[in-house]
Amino acid sequence: MAAPMSESWSWFLALAFGVSLLKCLLINTYHSTDFEVHRNWLAVTHSLPISQWYFEETSEWTLDYPPLFAWFEYGLSHIAKYFDKEMLVVQHLNYASPATVLFQRFTVILADVVFIYAVKECCKCVKGSRRSKDLLGKPSFVLAGLLLWNFGLLIVDHIHFQYNGFLFGVLLLSVARHFQGGHLEGALLFALLLNLKHIFLYISPAYGIYLLRSYCFTKDNPDESLNWRSFSLLRLATLGVIVCSVFALSFGPFILLGQLPQVLSRLFPFKRGLCHAYWAPNFWALYNMADKVLSILGVKLKLFDVDRLPKASMTGGLVQEFQHSVLPSVSPSATLVCTVISILPAVFSAWFRPSGVRGFLRCVIICALGSFMFGWHVHEKAVLMAILPLSLMAVERKEDARIFLILATTGHFSLFPLFFTAPELPIKVLLMLLFSLYSFTSLKMLFRHEGSLLSVPEAVYLTGLIPLEVFCEFVYPWTTWQQTLPFIPLLVTSVYCALGVSYSFIMLNVLLLRTENTGKNKSQ
């Protein structure tokens with residue numbers, strides 16, 4: 001048995017080794033301010049007592065991740081001192097010696113071991129394994145390629161610089177454990193994930209509903225309605241102990257120091273603006289664009305006095321609060337309400353019409369994308385929180401593959417403005433083309449007997465990304481508008497991609513309703 005298993009997974013080792021080599025080749029590429037962010041956190045956690053971690057503000061890049069990630073940085077700092085001790089001095093702002101760059105880049109690559117292992121576990125969970133001599137006919141191989149070689153994850157972590165691979169590895173491993181029936185381990189991993197990066201709170205409703213409905217309640221009635229008598233208090237208590245223990249270990253020291261309010265103020269800085277400096281391609285990008293168009297039309301038609309309109313700086317690169325000119329300004333509480341409303345169909349479906357672990361995964365994806373669409377101060381990189389889990393669904397069902405292609409293509413393209421230096425232009429374009437070619441080819445091969453994946457309008461829309469890139473990179477910089485309206489390429493990219501992301505979100509909910517109706521018909 002061992003020989004066939006090792007032989008059948010040899011391709012996985014080749015994929016993992018190949019992408020690791022590529023990551024090493026990207027070590028000397030441009031890195032963003034996030035590189036200095038994490039260097040500063042290394043210095044803060046290494047040089048200062050724990051009581052000062054969430055108060056230190058020598059650098060503008062203060063510690064704003066949950067305590068467990070701070071401990072992760074603390075552990076790395078004790079290895080960093082053997083590379084270059086100067087990187088661990090808090091006052092050494094923007095320090096980036098060759099040894100520092102090498103150390104921080106390699107920590108991201110090594111942390112990705114968690115992601116590689118998680119991908120392997122997810123590949124074991126794929127159903128509908130097709131007997132094919134061609135690797136592109138095997139769902140597990142296609143999934144491994146979509147995850148390990150994910151374009152967005154590669155450029156965000158190994159050029160821009162972050163530890164998303166490590167974090168998404170924990171998420172995917174948690175999902176895999178639920179597929180394998182290890183619900184307690186899955187819950188433990190997700191609790192750890194929340195204490196590593198709190199953005200994953202957005203998908204906690206999916207976890208909470210699934211574990212309560214499908215784990216704490218042990219069986220349903222014959223008509224698939226909830227059997228209240230099957231509730232297991234022991235299971236609920238076990239989950240509570242696991243989750244509370246993780247949070248106690250993470251936040252406990254700061255609670256004892258009386259610093260919980262300070263930690264929470266760092267984790268949830270609502271004084272930041274509705275949108276990031278570069279608009280994430282979501283509903284608010286379309287809302288902001290509509291506000292600008294209405295204000296321009298209003299001034300042209302002499303409906304508004306230009307001197308009385310608020311001076312919004314939504315595309316000026318500033319991270320601050322602002323007022324819309326015509327449409328009502330949006331508060332954090334309004335975005336929270338919109339986010340909750342956007343995920344309600346998925347949450348209700350998970351409770352009233354549970355469809356097992358795949359229904360849970362679909363709920364995770366919709367919660368992730370709903371928070372991206374309507375959340376407060378959303379980063380464009382957060383779209384990966386929906387793209388990566390959707391990869392698992394894309395290799396099993398044609399309708400999900402269709403949505404994946406649209407969401408991944410537009411979501412990945414929206415990351416282009418993050419990489420604005422000339423040397424990175426051919427890298428990002430080539431990697432995007434290669435990943436897109438693989439995605440379309442492999443998924444088309446998987447569903448070759450089920451017709452075309454995209455409709456004509458969808459294909460035309462995605463093809464439109466090519467002239468958009470040519471315009472933004474090669475045409476617009478030579479126009480006179482570049483000096484007076486430098487933000488136009490960012491605005492156009494964000495709004496165009498927002499259309500594709502919004503369409504994907506709508507289609508995910510339509511597919512959810514179709515699946516639910518199909519389930520009802522089968523039960524009748």
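Annotations
- Surface composition of segment 357-460: carbon plus sulfur atoms hold 73% of the accessible area, using a 1.4 angstrom probe and ignoring ligands, DNA and RNA.
- Debye, to nearest 20: dipole size of segment 376-479, +1 on Lys, Arg Cβ, -1 on Asp, Glu Cβ: 180 debye
- Binning the alpha carbon pair distances of segment 1-80 at 10 angstrom intervals from zero yields the distribution 16, 31, 21, 18, 11, 3, expressed in whole percent.
- Whole-number accessible area per residue in Å² for the chain, which is evaluated in the context of all protein chains at 1.4 Å: 45 Å²
- Computed with the Debye formula from one identical point scatterer per Cα of segment 155-210, without solvent, the log10 of I(q)/I(0) at q = 0.22, 0.25, 0.28, 0.30 Å⁻¹ comes to -0.82, -0.97, -1.12, -1.22.
- Measuring nothing but protein heavy atoms, the accessible surface of segment 39-138 at 1.4 Å probe radius is 60 percent carbon and sulfur.
- Simple rule: put +1 on each Lys or Arg Cβ and -1 on each Asp or Glu Cβ in segment 8-90, find the dipole, and look at 67, 15, 46; the Cα lying farthest toward the positive end is 15.
- Net dipole in debye of the chain [+1 Lys, Arg Cβ; -1 Asp, Glu Cβ; about Cα centre; nearest 20]: 1400 debye
- FRET efficiency, 1/(1 + (r/R0)^6) with R0 56 Å, evaluated for residue 90 and residue 463 via beta carbons: 0.65
- On the principal axes of its alpha-carbon atoms, segment 341-449 has extents of 52, 42, 15 Å, going from largest to smallest.
- Virtual paramagnetic centre 7 Å along Cα→Cβ of residue 454, amide N under 20 Å, in segment 422-444: 428-444
- The radius of gyration of the Cα set in segment 125-276, together with its Dmax, comes out at 19.6, 62 angstrom.
- Modelled spin labels at residue 51 and residue 99, positioned 7 Å past Cα toward Cβ, are 3.2 nm from each other.
- You can think of it this way: the chain between residue 471 and residue 218 has 85.4 nm of extra reach, that is 0.36 nm per residue less the Cα-Cα gap.
- Of the cross-linked pairs 300/428; 124/219; 292/398, those separated by over 29 Å at the C-alpha level are 300/428; 292/398.
- The magnitude of the dipole of segment 1-96, with charges of +1 and -1 set on the Cβ of Lys/Arg and Asp/Glu and taken from the Cα centre, is near 320 debye.
- Extending 7 Å from Cα along the Cβ direction at residue 192 and again at residue 445 yields two label points whose distance is 3.4 nm.
- More than 38 angstrom apart: percent of Cα pairs within the chain: 29 percent
- Per residue Cα convex hull volume in Å³ - calculated over segment 400-524: 111 Å³
- Dimensionless Rg ratio for segment 185-263, taking C-alpha atoms and the 2.2 N^0.38 Å reference: 1.34
- Ordering of 482-493, 385-396 by packing is 385-396, 482-493, highest average first (other Cβ atoms within 10 Å, averaged per residue).
- Amide H to amide H distances under 5 Å link residue 378 with 276, where only residues 5 or more positions off or on other chains count and H is placed in the peptide plane.
- Alpha carbon convex hull of segment 51-163, projected area averaged over orientations, nm²: 9.4 nm²
The values are calculated or read from the model by the stated rules, or taken from the named source; none is laboratory data. It should be emphasised that the depicted structure is a prediction, and the values quoted were computed from it without experimental measurement. When we count neighbours, we look across all protein chains shown, and the Cβ atoms used for this are built from the backbone with ideal geometry, even at glycine. SASA here: full protein model, heavy atoms, side chains in, ligands and nucleic acids out. Shrake-Rupley method; radii C 1.70, N 1.55, O 1.52, S 1.80 Å.
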